[in-house]
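In what follows, a single structure is set out as structure tokens and then discussed.
The values are calculated or read from the model by the stated rules, or taken from the named source; none is laboratory data. Quick caveat, the model's predicted, so the values are computed rather than measured. Please note: Cβ atoms are built from the backbone with ideal geometry, for glycine as well, and neighbour counts cover all protein chains shown. Protein only, heavy atoms only, side chains kept; ligands, DNA and RNA dropped before computing areas. Shrake-Rupley method; radii C 1.70, N 1.55, O 1.52, S 1.80 Å.
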Amino acid sequence: MIEIGAHVDLSHPSDRVWLALTDRELLGRWFAEADMVEGVPDRLLLHTADLPGFDADVEVEVTERRVPKLLALRCDEAGRLTELTCDLTATREGSRLTLREVPTHGAWPDEQRDAREQQLRQALTVRLPAILDWLAFQQVDLSRGEAGLTTELPVIAATGPVPRRRRTVVVGLVGALLAAGAVAWLTLPDGSRPVAAPTSSPTATPPQPSAVAAAPTTQPRATPSARPSRTTTPTSGTRPTRTPSAKPSPTPTPTGPPPPPPLVARYDTDSSRLFGYTGEVVVDNPGPAPVEQWVLVVTLAEGSSVDDVEGADWSRDGQVLTFTGAAVPAGGSRTIRFDVRDSRPKAREPEGCTVGGNPCEGF
């Protein structure tokens, strides 16, 4: 799998490096301008559309944050999805920053990847150290009265506005995504935001069988055997012969094989972004025989569209997606994945999902 990675040794402590990565104002100085997404407080939009190696602005979401050691981000650049991690390790001289970005959907052309990695290394080794030096000077405690020129140096631009750099050439996607994602996370109260994870799927009521076994043919009613008539000898005169009624035989109870268990499907959001998500449905066959014909139906929200489907044949009628495919083996399963563009911010799932007419678990 193609990935982008870089590391740099810095003569600054981890907490200062963390601040440069997660403060939006500082980020704009060494990498790119970042804005909060309106109505979505846990996400950030990084303005990278005109930077070398980038195709569009990047939507960033923080998935894990351990101050000041680890920052994990999920990034979306016009449908190309990546996961970015930033590790900070304390060293004798200061700290080491390691960045690693791995694509999860889509990939970079070789030329674009090389340009992005080169820009990332330049940003980490030139601009970031300069910002850290500047930040260290601002943090000097001038009230300590220590001798030397430090107390006499003017603090330039310490209180002035920080210029916004929307388009910084010296940039790498990995650094951008990481820093931006970190910023998104920092804007939340410390410790208030858990690691982003797929919402746990509630257990749905087991679906009722969709097929009923054919009822066995009822056995024909047995014809009762008549007992032989007996003739009584009259003692005086002639008496008629009496024939007793025949007793009916009991009707046997019909028997037959039990109906096969139905297919079961469970839905999960594999990944999400600002305006869309990747859905996954696993169709299980708990029965002892393969199921040749099955139909999975997914209903999307109004205005949604599908970019890609894996694992099944599919068709679309309005907002309804119909999936079919090869037989589901006995005791086995089939996995269907589909990418959805959804105009609703923070949308994480379709509006409906059924297999064989029975609802999917996970909603």
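Quick one: in the stretch 3-18, which of the residues that are open to solvent by 60 Å² or more (accessible area, probe 1.4 Å) and at pLDDT 85 or above is farthest from V62 (Cα to Cα)?
Checking each candidate, the answer is S11.
Find the residue count for the stretch 1-18, including only residues that are among the acidic types (D, E) and part of a loop (DSSP other than H, G, I, E, B).
1
Against the definition (of a type outside the set (V, I, T), in a strand (DSSP E or B) and under 17 Å from P359 (Cα atoms)), how does R316 come out, yes or no?
So R316 fails the test.
Every residue in the stretch 53-97 that is in a loop (DSSP other than H, G, I, E, B) and within 23 Å of D9 (Cα to Cα), please.
V67, P68, K69, T91, R92, E93, G94 - these are the residues of the stretch 53-97 that are in a loop (DSSP other than H, G, I, E, B) and within 23 Å of D9 (Cα to Cα).
What's the number of the only condition in (1) open to solvent by less than 10 Å² (accessible area, probe 1.4 Å); (2) at pLDDT 90 or above that L46 fails to meet?
Status for L46: all satisfied but (2).
Here's a check for you: in the stretch 292-311, which residue that is within 12 Å of T324 (Cα to Cα) and in a loop (DSSP other than H, G, I, E, B) is most open to solvent (accessible area, probe 1.4 Å)?
Q293
P259 versus (1) open to solvent by 60 Å² or more (accessible area, probe 1.4 Å); (2) modelled with pLDDT under 85; (3) out of contact with any Asp or Glu (no Cβ under 8 Å at 6 or more places or on another chain); (4) closer than 16 Å to D339 by Cβ: which is the lone unmet condition?
Only one criterion is unmet by P259, namely (4).
Considering only residues that are more than 28 Å from W134 (Cα to Cα) and among the charged types (D, E, K, R), which ones fall in the stretch 22-42?
The answer is E38, D42.
Across the stretch 319-329, which residue is least open to solvent (accessible area, probe 1.4 Å) among those that are in a loop (DSSP other than H, G, I, E, B) and touching a Pro at 6+ places or on another chain (Cβ under 8 Å)?
It comes out as A327.
In this structure, is E111 open to solvent by 30 Å² or more (accessible area, probe 1.4 Å), outside any loop (DSSP other than H, G, I, E, B) and free of Cβ contacts under 8 Å to residues at least 24 places away in the same chain?
Yes, satisfied.
Are there any pairs, at least 6 apart or on different chains, whose C-beta atoms fall under 8 Å, with the first in the stretch 1-19 and within 26 Å of G53 (Cβ to Cβ) and the second outside any helix (DSSP H, G or I) and of a type in the set (V, I, T), and if so, which?
Cβ pairs passing all conditions: M1/V102; E3/V102; G5/T98; A6/T98; H7/T98; D9/T91; W18/V67.
Out of the stretch 95-108, which residues are open to solvent by 70 Å² or more (accessible area, probe 1.4 Å) and either on the phi > 0 side of the Ramachandran plot or of a type outside the set (V, I, T) (or both)?
Passing the criteria: R96, R100.
Looking only at the stretch 19-52, count how many residues are more than 27 Å from the chain's Cα centre (by Cα) and part of a helix (DSSP H, G or I).
Number satisfying all stated conditions: 8.
What number of residues within the stretch 305-330 are under 22 Å from R344 (Cβ atoms) and among the small types (G, A, S)?
Counting residues in the stretch 305-330 that are under 22 Å from R344 (Cβ atoms) and among the small types (G, A, S) gives 2.
Take the residues in the stretch 262-283 that are touching an Asp or Glu at 6+ places or on another chain (Cβ under 6 Å) and of a type in the set (S, T, N, Q); name whichever of them is most open to solvent (accessible area, probe 1.4 Å).
T269
Taking the condition of being more than 23 Å from G276 (Cβ to Cβ) and open to solvent by 50 Å² or more (accessible area, probe 1.4 Å), how many residues in the stretch 50-94 meet it?
So the answer is 10.
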